[in-house]
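The values are calculated or read from the model by the stated rules, or taken from the named source; none is laboratory data. Everything quoted here is computed from the prediction, not taken from an experiment. Cβ: placed from backbone, ideal geometry, glycine included. Neighbour counts: every protein chain shown.
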Amino acid sequence: MLMIIFGAGASYDSVDVDAPGRPTRDAWIRPPLANELFADRPDVMGRFLSRYPPVAAIAAEVRAAAGGRAVEDVLADYQERSGLDGRIASQLVYLRYYLREVLTACGQWHYLHQGVTNYRALLEFVLRERPEEVLLVTFNYDQMIEFAMQEMLGTTFDDLDRYVAGPLKLIKPHGSVNWVRVIGMRHSDRTEAERQVLELDPLTLLSSITDRYDIARGTRSEDQDGNLALPALAVPLRAKDGFECPPSHLGVLTNRLGAVTRVLTIGWRGGELLYLKLVAGILPSGVDIDIVSTRTGADETRLNLEAAGINGDCRYLDIGFSGLIRRAAKSGRFLRHSDFAEWNSPPAATE
């Protein structure tokens, strides 16, 4: 079985902006890398910083720390202090809404380019192999891959079970912009749901979060039964204390990991420690591991996998998601493990 893991670099490079004849346009809505989540883009980040003012202090610190501390490290400091400080806990609640709105807006990158994305091309090559099942694991909150599946396969994602029902099983361990996590409180008809959530005492709110998930409905702060709900998005941290997805999805993942024979990573640096721990305990040793990233990124991914005890025949291509699709298109087939460079070989030629 094939498992494909997508990181932020995959959505960032989901459209081949360097293709001949393709103008670079509307870069303000391009899906961001982690260090661009609080970038100075007035029409996206600026718009939602104005809607959720408590996030502005976080954005200011992240921008000031650029080049010194990664965004995950800045947010880890906030997370550590939030358990005892209601003001900081409130900032992190607002942050969930900010991230949801920013990444929902940036998901329009798919439609801006008429659905001509690397996600769609990759799925086409995968489906030509006629696989029985493929695990698609994305750490991105956006819906770029869902949009591709909807248009290619007619898959509808109006129910969480649909994510893992077909041969392409989509797992989103850190959540999704269209998911909510239910709070153990009813929605009052007197107050708009989002405002009601944000007006709750943050420590009381966080202690009332359940393990129930749903597709966002209505104002996107409630489930289908009228319960209040938070955006189901994990705060970007290096070491998370849990996943932000339905337990049933994790069950599908753990049940299938033992059958994986090849792992393909795209734009993923392997920094999710909790996920690595889960995979290391189940994934067979000696699997083929193919890493698509920059050479520096590929080195980081390989070292993170090895540190977690995940061992296999690691190879790489340092040509990015767009380069991977260009190479596959020129060969007319999905790239095999033998098409990737061995670790001590020179970097790949530019496509």
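Out of all the residues in segment 226-236, is one or more surrounded by fewer than 22 Cβ atoms within 10 Å (Cβ to Cβ), more than 20 Å from the chain's Cα centre (by Cα) and touching a residue at least 12 places away in the same chain (Cβ under 8 Å)? The answer is yes, given that some residue of segment 226-236 is surrounded by fewer than 22 Cβ atoms within 10 Å (Cβ to Cβ), more than 20 Å from the chain's Cα centre (by Cα) and touching a residue at least 12 places away in the same chain (Cβ under 8 Å).
Cβ-Cβ distances below 9 Å connect the following pairs, each with a first residue in segment 192-208 that is more than 13 Å from Y94 (Cβ to Cβ) and outside any helix (DSSP H, G or I), a second residue that is among the β-branched types (V, I, T) and modelled with pLDDT of 85 or more, and a separation of six or more residues or different chains: S208/I183.
Residue-by-condition table, conditions (1) in contact with an Asp or Glu (Cβ under 8 Å, 6 or more places away or on another chain); (2) at pLDDT 95 or above:
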position	(1), (2)
F243	no, no
V263	yes, yes
R269	yes, no
R295	yes, no
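The test for being assigned to a loop (DSSP other than H, G, I, E, B), free of Cβ contacts under 8 Å to residues at least 24 places away in the same chain and not aliphatic (A, V, I, L, M) holds for R69. Of the residues making up segment 284-330, those that are in a helix (DSSP H, G or I) and in contact (Cβ under 8 Å) with a residue 40 or more places away in the chain are R295, G297, R302, G320, F321, S322, L324, I325, R326, A328, A329. Applying the criterion of being touching a helix residue (DSSP H, G or I) at 6+ places or on another chain (Cβ under 6 Å) and within 25 Å of V102 (Cβ to Cβ) to the residues of segment 163-178, the residue that is surrounded by the most Cβ atoms within 10 Å (Cβ to Cβ) is V177. Within segment 236-253, not a single residue is within 21 Å of S11 (Cα to Cα), among the hydrophobic types (A, V, I, L, M, F, W, C) and in a strand (DSSP E or B).
Per the conditions (1) farther than 20 Å from H249 by Cβ; (2) at pLDDT 90 or above; (3) not charged (D, E, K, R), the sole criterion not satisfied by Y213 is (1). All conditions in (1) in contact with a strand residue (DSSP E or B) (Cβ under 6 Å, 6 or more places away or on another chain); (2) in a loop (DSSP other than H, G, I, E, B); (3) aliphatic (A, V, I, L, M); (4) more than 21 Å from Y163 (Cβ to Cβ) hold for V260, with the sole exception of (4).
Looking only at residues in segment 179-193 that are surrounded by fewer than 20 Cβ atoms within 10 Å (Cβ to Cβ) and in contact with a helix residue (DSSP H, G or I) (Cβ under 8 Å, 6 or more places away or on another chain), which one is farthest from L257 (Cα to Cα)? Looking at the filtered set, the residue picked out is T191. Segment 102-167 holds helices (runs of 4 or more DSSP H) entirely within its bounds, and those carrying 3 or more residues that are in contact (Cβ under 8 Å) with a residue 60 or more places away in the chain and aliphatic (A, V, I, L, M) map to 118-128.
Results for (1) surrounded by 14 or more Cβ atoms within 10 Å (Cβ to Cβ); (2) more than 17 Å from the chain's Cα centre (by Cα); (3) over 29 Å from P54 (Cβ atoms), shown as yes or no for each residue.
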| site | (1), (2), (3) |
| --- | --- |
| R100 | yes, no, no |
| Q114 | no, yes, yes |
| Y119 | yes, no, yes |
| Q150 | yes, yes, yes |
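Applying the set (1) modelled with pLDDT of 95 or more; (2) out of contact with any helix residue (DSSP H, G or I) (no Cβ under 7 Å at 6 or more places or on another chain) to D225 leaves exactly one unmet item: (1). The test for being more than 30 Å from L317 (Cα to Cα) and at pLDDT below 95 does not hold for D26. Is there a residue in segment 283-292 that is crowded, with 16+ Cβ neighbours inside 10 Å, of a type in the set (A, V, I, L, M) and over 21 Å from M1 (Cα atoms)? Within segment 283-292 (the criterion being crowded, with 16+ Cβ neighbours inside 10 Å, of a type in the set (A, V, I, L, M) and over 21 Å from M1 (Cα atoms)), the answer is no, since none of the residues qualifies. On the basis of being of a type outside the set (S, T, N, Q), without any contact (Cβ under 8 Å) to a residue 40 or more places away in the chain and buried (at least 18 other Cβ atoms within 10 Å of the Cβ), does V263 make the cut? Here the answer is no, as V263 does not meet what is asked. When L160, L135 are screened for being touching a Lys or Arg at 6+ places or on another chain (Cβ under 6 Å) and surrounded by 14 or more Cβ atoms within 10 Å (Cβ to Cβ), only L135 passes.
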